[in-house]
Amino acid sequence: MRTAALLAVAALVLTACGDDGGDAGGGGGGGGGSTALEGRGPITFATGKDTSGNMQKLVDEWNADHPDEKVTITELPESADDQRNRMIQNAQTESDEFAVLNLDVIWTAEFAANRWITELPQGEFELDQFLAPAVETGKYRDKMYAMPVYSDGGLLFYRKDLLDAAGVTEAPKTWAELTAACDKVKAAPANKNIGCYAGQFDKYEGLTVNFSEAVQSAGGSIVDDSGKPTVTSQEAKDGLNFLVEAKKNGQIPEAAITYKEEEGRRAFQEGQLVFHRQWPYQYALANATDGSSKVANKFGVAPLPGKDGPGVSTLGGHNFAISSFAKNKATALDFIKYFASEDAQRSNLLATSQAPTRTALYEEQELITKFPYLPTLLASIENAVPRPRVVKYGDVTAAMQEAAYGAITGEKSTDEALETLQSELEKLTAE
């Protein structure tokens, strides 16, 4: 993790939280339930869609060993924004419907500040055996509120077969190389209608991630070392302009403006894209040999490209937290420890190709042989930049999405979008 990035994060947390009264609820208006990790019995696990079925498999194994403490999965909507909204609605009504929450890493500060989640005892986890950037995402004011179970770094999936046929011997390291490679691929009559590049460009959290990566990959930042927004820098303009120009000239196909993770994954698997910015979970699904993927064994994985060299990912991943309003918190804690265990994370990696948070799994030769992108993924995570960890993150990400989407779709100029965003972020990070 870069020092500058950590300083920026710390500054934003401080400016957003205001009074530091020593209470986890200092920055929010939540009520907060009982924080004691007591009570055993059935619990409900709120999470996004289980695309692999392995999450249910691990829950079934837990249930077989804990017949009096069974876990029921509640699948929330596919969109990360909708998942967050559903969890917040339950917390604001102090509902005990959910016990364990599968949180996007960037939600920790908001949920902890509002006392919607319970502090975790750090001694219950071997934190030195986990990726340091992932561990930091689970903390708020130096206390642990969420356990990193899945990490994530952005990767470039590319059609190796098409690049080979076009005489392109290496994955692109820069945006210019990506464009040139795509042009060579599309020069073949059979490929004239294929899309060049897509990411997550619908107006939701994925766009915040992709916009941040574009800015970072041009040498810019969303905030500087002191926490001050810097989105009107030339580097930030260069990053957003890459997306704007790619959409304008057709490198980013029209349909990609509606893509979240799953829409883009399906397009890549259908052979509709040469390049796709995606999280590592796509690897196993795109390599499926059951007929669901047309690109199995035809693609490669590389670091994200940038303006003048390799790009910089936004830090992703998911953490498990305990709802402050849950009844059986002792069971919830043990369930989180089970999912964070090395055995469970290895099982999940083998079944889903999601990024583990256990450092040792990136060093197992058997896993590297099966998932050759693991060293690239580890570098992506270790060099990734976190999104602003602020209590009012919902407002921050909405402002970023509005600016990026407006510019990419041509509703606003790059300068107008970024100047408006600068003003909005200055207000939000000063509160």
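The values are calculated or read from the model by the stated rules, or taken from the named source; none is laboratory data. Every value quoted in this text rests on a predicted model; they were computed, and no experiment measured them. All Cβ positions, glycine included, derive from the backbone under ideal geometry; neighbour counts span all protein chains shown. Surface areas here come from the heavy atoms of the whole protein model, side chains and all, with no ligands, DNA or RNA. Shrake-Rupley method; radii C 1.70, N 1.55, O 1.52, S 1.80 Å.
Here the extension length gained between ALA288 and ASP161 equals 44.1 nm, from 0.36 nm per residue of separation less the Cα-Cα distance. Placing unit charges on each Cβ (+1 for Lys and Arg, -1 for Asp and Glu) gives the chain a dipole about its Cα centre, and among GLY53, GLN129, PHE201 the Cα reaching farthest toward its positive end belongs to PHE201. Here the stretch 317-431 is assigned +1 on the Cβ of each Lys and Arg and -1 on the Cβ of each Asp and Glu. Its dipole about the Cα centre then comes out at about 600 debye.
If you average the C-alpha positions of the stretch 102-150 and of the stretch 57-92 separately, how far apart do those two centres end up, in angstrom? Computed from Cα coordinates, the inter-centre distance equals 18 Å.
Accessible surface computed residue by residue for the chain, with neighbouring protein chains in place and a 1.4 Å probe, gives 39 Å² per residue.
Given +1 at the Cβ of Lys and Arg, -1 at the Cβ of Asp and Glu and no other charges, the dipole of the chain around its Cα centre is 960 debye to the nearest 20. What angle, in degrees between 0 and 90 and rounded to the nearest 10, separates the Cα long axis of helix 234-248 from the longest principal axis of the Cα atoms of the chain? The helix 234-248 is inclined about 70 degrees to the chain. In the stretch 300-392, the portion of solvent-accessible area held by carbon and sulfur atoms comes to 51 percent [1.4 Å probe, whole percent, DNA, RNA and ligands not counted]. Think of it as helices only: each DSSP H run of n ≥ 4 in the chain is worth -39500 (n - 2.57), and spread over all residues that comes to -12500 deg cm²/dmol at 222 nm.
Applying the Kirkwood pairwise sum to the alpha-carbon positions of the stretch 243-338 produces a hydrodynamic radius of 16.6 angstrom.
When the stretch 270-405 is described by a simple charge dipole with +1 on each Lys and Arg Cβ and -1 on each Asp and Glu Cβ, the residue from GLN345, PRO310, LEU333 located farthest towards its positive end is LEU333. Roughly speaking, what is the centre-to-centre gap between the stretch 35-54 and the stretch 360-431 when only Cα atoms are used, to the nearest Å? What the calculation gives is 27 Å, centre to centre.
Summarising the strand pairing of the chain, around 70 percent of its internal DSSP beta bridges are antiparallel. Based on Cα contacts under 8 Å between residues 6+ apart, the stretch 274-389 shows a relative contact order of 33 percent.
For THR369 and GLU124, calculate 0.36 nm times their separation in residues minus their Cα-Cα distance, and state this gained length in nm to one decimal.
85.0 nm
Between LYS192 and ASP343, the contour length at 0.36 nm per residue exceeds the alpha carbon distance by 49.8 nm.
Residue pairs exceeding 24 angstrom between C-alpha atoms, taken from LYS307/LYS427; LYS173/LYS248; LYS143/LYS337: LYS307/LYS427.
Phi-derived couplings, Karplus 6.51 cos²θ - 1.76 cosθ + 1.60 at θ = phi - 60°, listed residue by residue for the stretch 202-217: 5, 7, 7, 4, x, 5, 4, 5, 5, 5, 4, 5, 5, 5, 4, 6 Hz, with x used for Gly and Pro. Here the chain yields Rg over Rh of 0.96, to two decimals, using C-alpha coordinates and the Kirkwood radius. The order of the peptides 295-304, 210-219 by mean Cβ neighbours within 10 Å, most packed first, is 210-219, 295-304.
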